[in-house]
Amino acid sequence: MSRVGLDRIGHCGGLVGAIALVALALLLTLSAASAERRVALVLGNSQYEHAPALTNPVRDAHAMAERLENLDFEVVSGFDLTKLQTQTTIAQFAKQVRGADIALFFYAGHGLQVSGSNYLLPVDAALEDETSLDFEAVPVDFVLRQMSRETSIRLIFLDACRDNPLAEVLAKTAGVKGARSGLAEIPIENGGAGTLVAFATSPNQVAFDGSGQHSPFASALLAHMGETNVSITEAMNRVTADVFKVTAGKQRPWSNVSLTTEVVLHKIDLNAPLIVGEATTQKSEAGSDGRNVAANPSGADDAQLSLDMLRQKIPRLASDEPIFFDHPVDFGDPEIDGKSIAELIKGKPRFSPVEGLDKSVWEGKHCDGCHEWNEARLCEQSKNFAANDVSVLRLQHPLGTRFKVALAKWAQGGCK
């Protein structure tokens, strides 16, 4: 329930409202007490002084920083940093990350390997001779050491495998053996609950910067990191599939995983009462089908009372007709009325898919491109809405609350 204020629950009157707010306040307190401490370092370099500029890394890093903040990470970030600025930022992160439950590092920009050791390149790196590595580049191992002090779980994402001309210069001009673009495999040491290291592509291979808003790897990460109740290992499987598909098999992300526990960055109890998302953007309507609760004559406990109050806020569709995948639907929302589910999932989102996500990440994109929606996958999601009715008011949805209500009804009818 992070970032959800009690003022967003709605106005309640009398004893019922007071009891409900007390119950929800207790839930908020319990949630905060049991929350993990998460700290992330996000770096992105695009405007290189001695190498061709890269289009996407800074945009990728900005979007990732925002996503991680929405996932309750304390984020230390830096964009287009020199070597000195990079060291200063890493030092800040090293102090902040100590003792964290989850430590995360995301880097987008130029990188290279020399004889199996990986280096990240600040924007002022020139690499004119063999000593340049020590004074101008940042060893990946140095960053990993900083995030390994008294931390339980470590997650590393490196989109640093772009074709890097400085690696060739270093190899030919300075005679440094083993200098090449593409990063080397990073061994995982034992400790804590484990580590995940994810590369934009396979070891020793070069990744694409991409011609879109984000690199293929960053775009897939943004789409899948923090999906509801999806483990980080499953998210990486989806990332790999997306990148492999969008690059026509030319780029395959690679992960080295040694986790001793399941890591879920966005865990939601589907039975817990919670309202967020477009419920605050559009007015929810109380149903007229007997779900209204004006009192608590049965002596139900506070949690059940709160749940019933949420059910009042689930909007009804304008029509009671059955819902079919490819038939027009009368949602009761003029923005989408008369369109079918099949038509809408190929359109553009009306709301951010993740609360607080910058518009540059989602606005103008097509829903099925981000979510890979199809009839079968959408049916599985719709069954969750049908089985847990208050979940239609939980979490933002690109097409709004009424679309989720229609999906639940579609699932109840057998997803026909």
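Please treat every number below as a calculation from the coordinates, not as lab data. Just so it is clear, the structure is predicted and the values come from calculations on it, not from any experiment. Note: ideal-geometry Cβ built from the backbone for every residue, glycine included; neighbour counts use all protein chains shown.
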Structure shown: which of Lys267/Lys346; Lys313/Lys383; Lys245/Lys339; Lys250/Lys348; Lys348/Lys404 lie over 22 Å apart, alpha-carbon to alpha-carbon?
-> Lys267/Lys346; Lys245/Lys339; Lys250/Lys348
Suppose R0 equals 35 Å; then what is the FRET efficiency for Ala241 and Glu49 from their Cβ-Cβ distance, rounded to the nearest 0.05?
-> 0.45
Theoretical gain in end-to-end length, His327 to Ser115 [0.36 nm per residue, Cα-Cα removed] | 70.3 nm
Quick one: order Lys245, Lys83 by neighbouring beta-carbon count within 10 Å, fewest to most.
-> Lys245, Lys83
Cα-only radius of gyration and Dmax that characterise the range 109-160, units Å = 12.3, 39
Could you put Lys383, Lys313 in order, starting from the residue whose Cβ has the fewest other Cβ atoms within 10 Å?
-> Lys383, Lys313
